[in-house]
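These notes concern the structure reproduced below.
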Amino acid sequence: MSTDVQMEDLSNIVWHQHHVAKQQRAQQKNQTPCVLWFTGLSGAGKSTVAGALENRLVELGYHTYLLDGDNVRHGLCRDLGFSSQDRRENIRRIGEVANLMVDAGLIVLSAFISPHREEREMVRDLVGDDAFFEVYVDTSLAECEKRDPKGLYKKARAGEISQFTGIDSEYQIPLKPEIHLNAGEQTVAESVEACIQALKRHNVIS
């Protein structure tokens, strides 16, 4: 399909404004919808902390949804590979889904390596700066390699995987994350509590 045809098709699509607004959905749930974007190296503990935080929020009565990198690639992004272009498209799709969930009034937890600042900022711009919380799960490369829960670092070091983040592909650390977790030293419980306190300070939860 040519670019001209694509643009013509898009010009015929009109956004439909529904009667029920995001504010009403949020008020119904008694929370401020947002995205907590967990970023860090493979094996840093992103999914572990995000999962534990979701459990805590649900126990407190909040409405959440957790988007996880591996799970998303089983469905929504199963057609994508791991080229730079496909990785960017993977993040773009997740950002669009997260934005819809924020519109539904949910607290969205997203756990993705998302190595490039530009891609993370793309999602921030999409959902809005006031609804985006970058959570940097700061774990050293040495510690991540020591954990290596999926055996991916071993394969990358052996040359069986190319363009692996932290080995032969760059990870750009967040410059000013809303939440900075020192996952190499903090326990999961301490990381969860740090997130809870940050959400309270920003009036996401009470």
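At a glance:
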| quantity | calculated |
| --- | --- |
| Any hit, region 54-61, residues being among the aliphatic types (A, V, I, L, M) and closer than 25 Å to Ser162 by Cα | no |
| Total residues in region 176-193, condition free of Cβ contacts under 8 Å to residues at least 24 places away in the same chain and in a helix (DSSP H, G or I) | 2 |
| Filter pass, Leu53 being touching a helix residue (DSSP H, G or I) at 6+ places or on another chain (Cβ under 6 Å), open to solvent by 20 Å² or more (accessible area, probe 1.4 Å) and not acidic (Asp, Glu) | no |
| Conditions (1) more than 18 Å from the chain's Cα centre (by Cα); (2) modelled with pLDDT of 95 or more; (3) of a type outside the set (Ser, Thr, Tyr): number failed by Lys150 | (2) |
| Hits in region 26-40 (condition: open to solvent by 40 Å² or more (accessible area, probe 1.4 Å) and assigned to a loop (DSSP other than H, G, I, E, B)) | Asn30, Thr32 |
| Filter result (at pLDDT 95 or above and exposed (fewer than 15 other Cβ atoms within 10 Å of the Cβ)) within region 166-175 | Gln172, Ile173, Leu175 |
| Residues that are small (Gly, Ala, Ser), modelled with pLDDT of 95 or more and in contact with a helix residue (DSSP H, G or I) (Cβ under 8 Å, 6 or more places away or on another chain), drawn from region 176-206 | Ala189, Ser191 |
| Residue within region 41-56 that is part of a loop (DSSP other than H, G, I, E, B), under 21 Å from Asp138 (Cα atoms), touching a strand residue (DSSP E or B) at 6+ places or on another chain (Cβ under 9 Å) and not small (Gly, Ala, Ser) present | yes |
| Helices (runs of 4 or more DSSP H) within region 79-154 that include 3 or more residues within 30 Å of Gln24 (Cα to Cα) | 84-103, 117-127 |
| Every residue from region 61-78 that is outside any loop (DSSP other than H, G, I, E, B) and either buried (at least 17 other Cβ atoms within 10 Å of the Cβ) or in contact with a Cys (Cβ under 8 Å, 6 or more places away or on another chain) (or both) | Thr64, Leu66, Leu67, Asp68, Gly69, Val72 |
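Every residue, every condition in (1) open to solvent by less than 10 Å² (accessible area, probe 1.4 Å); (2) within 21 Å of His202 (Cα to Cα); (3) touching a strand residue (DSSP E or B) at 6+ places or on another chain (Cβ under 6 Å), yes or no:
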residue	(1), (2), (3)
Asn90	no, no, no
Met101	no, yes, yes
Cys144	yes, no, no
Ile161	no, no, no
Phe164	no, no, no
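The values are calculated or read from the model by the stated rules, or taken from the named source; none is laboratory data. Just so it is clear, the structure is predicted and the values come from calculations on it, not from any experiment. Please note: Cβ atoms are built from the backbone with ideal geometry, for glycine as well, and neighbour counts cover all protein chains shown. Each accessible area value is taken on the protein alone, full model and side chains, heavy atoms only, with ligands, DNA and RNA left out. Shrake-Rupley method; radii C 1.70, N 1.55, O 1.52, S 1.80 Å.
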